[in-house]
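Colleague: Before we start, here is the structure in question, set down as structure tokens.
The values are calculated or read from the model by the stated rules, or taken from the named source; none is laboratory data. Fair warning: this is a prediction, and the values are worked out from it, not measured in the lab. Note that we place each Cβ from the backbone using ideal geometry, even for glycine, and neighbour counts take in every protein chain shown. Areas reflect the complete protein model, heavy atoms only, side chains present, ligands, DNA and RNA absent. Shrake-Rupley method; radii C 1.70, N 1.55, O 1.52, S 1.80 Å.
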Amino acid sequence: MIISIIIVVMSLLLDGILTNFLPYGVGDLSLFTPLTTLVSIVIIYQLFYQGHNQKQYLIISIVMGFLYDLFYTNLLFFNSLLFLLIAYITIFLYKQLGEGYIKIILHVIMIIIIYELVTFLCIIIFNLVPTSIDRILYKISHSILLNLIYAEFIYTIIKLLPKKYKKVSIN
């Protein structure tokens, strides 16, 4: 569990660092949109999948969504609920598809699309900022590359961990 928390916290910090170096503004859509915290939430489920300890995974997802809200979006509890939804979708996809390199890549792509579409729908429903379908399609297509590279990096790190770190104990 400590390894998963370290990975997610480092991803949260990396989100902020990459956002500073890859500018994203209302009139200036960046070539890459980092969603490293979301990607790490998806990838670390492998550490909980073997131990069948989903409660800790869901708690980590909610807490990281709350921290993401506090640090980056200023929409209190929005990403907490959205990360919880993503965690449930991740659990469902792992149970249906299993784990594997290609399945993880497809899984991350689906999660990024779901996250961006739900965010887009909330922006449209509550009329937070003016946006269009062209912008959301641009943002989805340009965020997938960077986040897939990061997902492969985290996936490789988790696969190279010794087995004693992959065990999740129930305390």
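Colleague: Would you tally the residues in the stretch 81-98 being free of Cβ contacts under 8 Å to residues at least 40 places away in the same chain and buried (at least 20 other Cβ atoms within 10 Å of the Cβ)? Working first, answer last.
Modeller: The first filter runs over the stretch 81-98 and keeps only residues free of Cβ contacts under 8 Å to residues at least 40 places away in the same chain, leaving 81-82, 84-85, 88-89, 92-93, 95-98.
Checking the rest, the ones that are also buried (at least 20 other Cβ atoms within 10 Å of the Cβ) come to 82.
Result for the stretch 81-98: 1.
Colleague: Then there is this: Under 6 Å between Cβ atoms, at least 6 apart or on separate chains: pull out the pairs that start in the stretch 1-23 with a residue that is closer than 17 Å to Q46 by Cα and end on any residue that is open to solvent by less than 60 Å² (accessible area, probe 1.4 Å) and in a loop (DSSP other than H, G, I, E, B).
Modeller: M1/V168; S4/I44; I7/I44
Colleague: Given (1) open to solvent by 70 Å² or more (accessible area, probe 1.4 Å); (2) within 23 Å of G16 (Cα to Cα); (3) touching a residue at least 40 places away in the same chain (Cβ under 8 Å), identify the lone condition not met by Y101.
Modeller: (2)
Colleague: Next up: Has the stretch 63-78 got any residue that is open to solvent by 40 Å² or more (accessible area, probe 1.4 Å), closer than 21 Å to H107 by Cα and not small (G, A, S)?
Modeller: no
Colleague: Among the residues of the stretch 61-72, is there at least one that is within 22 Å of I17 (Cα to Cα), touching a Phe, Trp or Tyr at 6+ places or on another chain (Cβ under 8 Å) and touching a residue at least 40 places away in the same chain (Cβ under 8 Å)?
Modeller: For the stretch 61-72, residues within 22 Å of I17 (Cα to Cα), touching a Phe, Trp or Tyr at 6+ places or on another chain (Cβ under 8 Å) and touching a residue at least 40 places away in the same chain (Cβ under 8 Å): present.
Colleague: Which numbered condition in (1) buried (at least 17 other Cβ atoms within 10 Å of the Cβ); (2) small (G, A, S); (3) at pLDDT below 95 is the only one that G27 fails?
Modeller: All conditions are met except number (1).
Colleague: In the stretch 119-135, is there at least one residue being in a helix (DSSP H, G or I), open to solvent by 50 Å² or more (accessible area, probe 1.4 Å), without any contact (Cβ under 8 Å) to a residue 24 or more places away in the chain and closer than 16 Å to V39 by Cα? Talk me through it step by step, then tell me what you get.
Modeller: Going residue by residue through the stretch 119-135, those that are in a helix (DSSP H, G or I) are 119-126, 133-135.
Keeping just the survivors that are open to solvent by 50 Å² or more (accessible area, probe 1.4 Å) gives 121, 124-126, 133-135.
Those still in the list that are without any contact (Cβ under 8 Å) to a residue 24 or more places away in the chain too: 121, 124-126, 133-134.
Narrowing further to those that are closer than 16 Å to V39 by Cα: none.
Among the residues of the stretch 119-135, not one is in a helix (DSSP H, G or I), open to solvent by 50 Å² or more (accessible area, probe 1.4 Å), without any contact (Cβ under 8 Å) to a residue 24 or more places away in the chain and closer than 16 Å to V39 by Cα, which makes the answer no.
Colleague: Can you pull out every residue in the stretch 149-169 that is modelled with pLDDT of 85 or more and open to solvent by 60 Å² or more (accessible area, probe 1.4 Å)?
Modeller: Within the stretch 149-169, I149, E152, F153, T156, I157, K159, L160 meet the criteria.
Colleague: Can we say L146 is in a helix (DSSP H, G or I), open to solvent by less than 70 Å² (accessible area, probe 1.4 Å) and farther than 21 Å from M1 by Cβ? Break it down into steps so the answer makes sense when it comes.
Modeller: Working: in a helix (DSSP H, G or I): yes; open to solvent by less than 70 Å² (accessible area, probe 1.4 Å): yes; farther than 21 Å from M1 by Cβ: yes.
Considered against the rule, which asks whether it is in a helix (DSSP H, G or I), open to solvent by less than 70 Å² (accessible area, probe 1.4 Å) and farther than 21 Å from M1 by Cβ, L146 comes out as yes.
Colleague: Quick check: is even one residue across the stretch 158-167 within 17 Å of I60 (Cβ to Cβ), under 13 Å from the mean Cα position of the chain (by Cα) and not hydrophobic (A, V, I, L, M, F, W, C)?
Modeller: Checking the stretch 158-167: not a single residue is within 17 Å of I60 (Cβ to Cβ), under 13 Å from the mean Cα position of the chain (by Cα) and not hydrophobic (A, V, I, L, M, F, W, C).
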